[in-house]
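The values are calculated or read from the model by the stated rules, or taken from the named source; none is laboratory data. What you are looking at is a predicted structure, and each value in this text was computed from that prediction instead of being measured. For neighbour counting, all protein chains shown are included, and Cβ atoms are generated from backbone atoms with ideal geometry for every residue, glycine included. For the accessible areas, the whole protein counts, side chains as well, though only heavy atoms, and no ligand, DNA or RNA atoms are used. Shrake-Rupley method; radii C 1.70, N 1.55, O 1.52, S 1.80 Å.
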Amino acid sequence: MRVILLGAPGAGKGTQAKYIMEQFGIPQISTGDMLRAAVKAGSPLGLKVKDIMSSGGLVSDDIIIALVKERIEQPDCAKGFLFDGFPRTIPQAEAMVSANVDIDYVLEIDVADEEIVARLSGRRVHEASGRVYHTIYNPPKVEGKDDETGDALVQRPDDQEETVRKRLGLYHDQTKPLVGFYAARQASTGVKCHKIPGVGSVEEIRQRVLDVLK
Ligand code: AP5
Ligand code: ZN
């Protein structure tokens, strides 16, 4: 099964991705997590993308497409995968069409812009695993610590309000058009497109996602 999770920054893609991968036994492919790992490691890729990411801009399509193509050739992707934060532009989606990567489901997690800013200001992440928490809405068992490892949680550098607004603008301009792109392909490719209301508890959204994927 190949699934795309679409949604604005902070819509809850990463949060729901963890449940979907456990439930269906498919890997989460988060381009954001992959790029953050490269930045942390100080690799050539990381050095190239660091500034653009912390300013809330989009990394170039060429870099992203090469990264994803390499990733989906790994053996753990044979049964499918879950794209989180990819594709994010029409050229990225077209690159998957050209590579004959058929998609089964496109789930758009829908959350209003005003809610996004509150969510991202309280977000805390476990860098090594990508696990996501919120100080109020989804707190860890021990404040500031990851539930599984006990490691310290951190704030992402792109979660400043001004940067969040820039990311939201880019989402509406560049990523939202993908909803129409896939809707137009439903009849010819069989891809199923669903809009999931993204406001409610994490568990409620999880149930909505599972109901669609069953
Ligand atoms: P990326 O890491 O993909 O960031 P994003 O799309 O901006 O999405 P986020 O990770 O911010 O949000 P999310 O939807 O995963 O929400 P989460 O579950 O964490 O990309 C980062 C950067 O990398 C980009 O800006 C770009 O520079 C680059 N990049 C990545 N991919 C790229 C691509 N394909 N092309 C070009 N550039 C690319 O939840 C957010 C918060 O809300 C958390 O605190 C969570 O606990 C809380 N929360 C979750 N669900 C709920 C709920 N139901 N109720 C209340 N709170 C909730
Ligand atoms: Zn995420």
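Observations
- Only one of the numbered conditions (1) in contact (Cβ under 8 Å) with a residue 12 or more places away in the chain; (2) outside any helix (DSSP H, G or I) is violated by Val68, and that is (2).
- Being under 20 Å from Leu120 (Cα atoms) and touching a Phe, Trp or Tyr at 6+ places or on another chain (Cβ under 7 Å) is true of Pro9.
- Only a single criterion out of (1) within 13 Å of ligand 2 (Cβ to nearest atom); (2) outside any loop (DSSP other than H, G, I, E, B) is not satisfied by Ser129, namely (2).
- Search result, residues across the range 81-95 that are touching a residue at least 12 places away in the same chain (Cβ under 8 Å), away from ligand 1 (no atom under 11 Å from the Cβ) and part of a helix (DSSP H, G or I): Ile90
- Unmet criterion (only one of (1) within 18 Å of Leu58 (Cβ to Cβ); (2) modelled with pLDDT under 95; (3) open to solvent by less than 80 Å² (accessible area, probe 1.4 Å)) for Leu178: (2)
- Qualifying residues in the range 12-69 (those that are surrounded by fewer than 21 Cβ atoms within 10 Å (Cβ to Cβ) and on the phi > 0 side of the Ramachandran plot) - the one farthest from the chain's Cα centre (by Cα): Gly42
- Of the listed requirements (1) touching a Cys at 6+ places or on another chain (Cβ under 7 Å); (2) at pLDDT below 95; (3) among the aliphatic types (A, V, I, L, M), Val106 misses just one: (2).
- The number of residues in the range 146-161 being open to solvent by 50 Å² or more (accessible area, probe 1.4 Å) and away from ligand 1 (no atom under 15 Å from the Cβ) comes to 4.
- Against the test of being assigned to a loop (DSSP other than H, G, I, E, B) and open to solvent by less than 90 Å² (accessible area, probe 1.4 Å), the options Val117, Val106, Val164, Val142 yield a single qualifying residue, Val142.
- Matching residues, the range 9-38, being near ligand 1 (Cβ under 8 Å from one of its atoms), farther than 13 Å from Arg131 by Cα and not in a helix (DSSP H, G or I): Pro9, Gly10, Ala11
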